[in-house]
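Colleague: I am attaching a structure below and will ask some questions about it afterwards.
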Amino acid sequence: MPEVQSQGIRISYDDQGRGEPALLFMPGWCGSRKVFDELARRCATRRRTLALDWRGHGQSERPADDFGFSELVDDALAVIEASRAGEVVPVALSHAGWVAIELRRRLAARIPKLVLLDWIVLEAPPPFLGALQSLQDPAQFEQTRQQLFSMWLEGLDIPALTQYVREDMGSYPFEMWARAGREISTAYAKAGSPLQALASLDPSLPVLHLYAQPDDPAYLAAQRSFTAEHSWFQASKLEARSHFPMYEVPDEMAMAIERFVA
């Protein structure tokens, strides 16, 4: 598998398929690129797909120093440059969306579209912000993480998903989850919401949000209301029940991404 240096840190990534724009799959905090195995394999039958592990995650090198979204942007830029792809469409899971938005700011000519997966694109609800704070408290971290895991797996019997959440995501220590809580909280505080951040991009670009959770009609209605004023944005609710719909409907997602990108 290919590797590239990002500020002296070794970043590991997958590179399969052919055709541009290439897709760049970016996982969320405290999870490896393994989350994209099935989805990326399907997308690679139609075009080039790249999938990275952030520094400190998966098969990438663990840095000695602290890091945040700024360094994750550097990791993504390093993979894009190493790939020599002319055009790249970031496919960002959850809060990797903040990286996708910054990539567009930095490489506008080479980032023609964005795909966002299962992200809280409205202003962050208070219970979620509270959970982010608890992840930064050593006394509350373990209980909060287990509550998140239980919520993500409730009522689902998908062994690969259970393994990803409990073993892959569960392998990251307090320091990484605290870092995630800090960085995600800061991003919402600074931007207000992902939709506000996207609306500030000039020029705008086509954005697709594919999501399964929350299963709340008001959430979809709010996004459609945003679309009515910003025709470049579209949201599609998937027929899935988990926060990681690629474990349930990878074919549906691959087709939706290909339709949008093509």
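Colleague: Whether any residue in region 123-137 is open to solvent by 30 Å² or more (accessible area, probe 1.4 Å), of a type in the set (A, V, I, L, M) and modelled with pLDDT of 95 or more is what I want to check.
Modeller: Within region 123-137, one or more residues are open to solvent by 30 Å² or more (accessible area, probe 1.4 Å), of a type in the set (A, V, I, L, M) and modelled with pLDDT of 95 or more.
Colleague: Still on this structure, I have one more. Could you please tell me which pairs satisfy a Cβ distance under 9 Å, a separation of 6+ or placement on different chains, a first residue in region 26-46 that is open to solvent by 20 Å² or more (accessible area, probe 1.4 Å), and a second residue that is among the basic types (K, R) and assigned to a helix (DSSP H, G or I)?
Modeller: W29/R179
Colleague: Another question, then. Here are the criteria: (1) out of contact with any Lys or Arg (no Cβ under 6 Å at 6 or more places or on another chain); (2) part of a loop (DSSP other than H, G, I, E, B). Tell me which single one R18 does not satisfy.
Modeller: Of everything listed in (1) out of contact with any Lys or Arg (no Cβ under 6 Å at 6 or more places or on another chain); (2) part of a loop (DSSP other than H, G, I, E, B), R18 misses just condition (1).
Colleague: What are the pairs with Cβ atoms under 6 angstrom where one residue, in region 72-91, is touching a residue at least 40 places away in the same chain (Cβ under 8 Å) and the other, located anywhere, is among the small types (G, A, S) and assigned to a strand (DSSP E or B)? Sequence gap at least six, or different chains.
Modeller: Listed pairs, sorted by first residue: D74/S6; D75/S6; A78/S6; A85/A22; V88/A22.
Colleague: Follow-up. Looking at (1) under 16 Å from the mean Cα position of the chain (by Cα); (2) assigned to a loop (DSSP other than H, G, I, E, B); (3) closer than 20 Å to G86 by Cβ, find the lone condition where G28 falls short.
Modeller: (3)
The values are calculated or read from the model by the stated rules, or taken from the named source; none is laboratory data. These numbers were taken from a predicted model, which means no experiment stands behind them. Because the Cβ atoms are built from the backbone with ideal geometry, glycine has one as well, and the counts that use them run over all protein chains shown. Remember, those area values only see protein heavy atoms, side chains included, never the ligands or the DNA or RNA. Shrake-Rupley method; radii C 1.70, N 1.55, O 1.52, S 1.80 Å.
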